[in-house]
1. Which condition number in (1) surrounded by 15 or more Cβ atoms within 10 Å (Cβ to Cβ); (2) closer than 19 Å to L72 by Cβ; (3) modelled with pLDDT of 85 or more is the one that E169 fails?
2. Filter the stretch 77-121 down to the residues that are farther than 18 Å from D157 by Cβ, free of Cβ contacts under 8 Å to residues at least 60 places away in the same chain, assigned to a loop (DSSP other than H, G, I, E, B) and not acidic (D, E) and list them by number.
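The values are calculated or read from the model by the stated rules, or taken from the named source; none is laboratory data. Predicted, not measured: the structure shown is a model, and the values here were computed from it. Heads up, the Cβs are rebuilt from the backbone with ideal geometry, glycines too, and the neighbour counts pull from every protein chain shown.
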Amino acid sequence: MARLRSIVFRYLLLLSVISAAQEDGDGDGDGSVELGPRLPGDSEYWLRLRSLSFSEGKLEPQFDGKGHDFTLTIENPEVKSFIITVELDLKYYDLLALPRIEVDGKVIEVSPLNTIVVPVLMNSSIGPEDKIVSIKLMDPSGKGFGGFLGFGAKPRDHEYRIRCLQPPEFQNAGG
């Protein structure tokens, strides 16, 4: 009888382990188990930044990775350049499959070991500055989504547009 109880106990334990492995890990009811970050080419590959920080100015609205358009106001008219620090949320990535990042159309080298810093030059004249800095995250696979039968498919990306404003230098002259 003890042997039968042991067998039944092991059987029930095995069933509970199998059941736990088949439980839905992402809440969408498909019974899948999430096994780490999405890889490039997956329709749910993560394309958002964790944070953006600036060596000068004030960002409005406050940074949110889901956002697209922001305004950076640099009150000091004497600032000739500043640094944008870009931070990926590495928990969402396979460290060997990081997104492609472009700043104003130029590809930025990305490594999980290095901080991503982007220098931005401001106007060298005494006039006001109003420029857009574009930071785009792209699926490195280049795989397109959407379209019709593969035509018109567009690679997935997420673009942040930062409008950088700076008053003219002569505004504070003689003040």
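1. (3)
2. K80, L95, L96, S111, P112, L113, N114, T115
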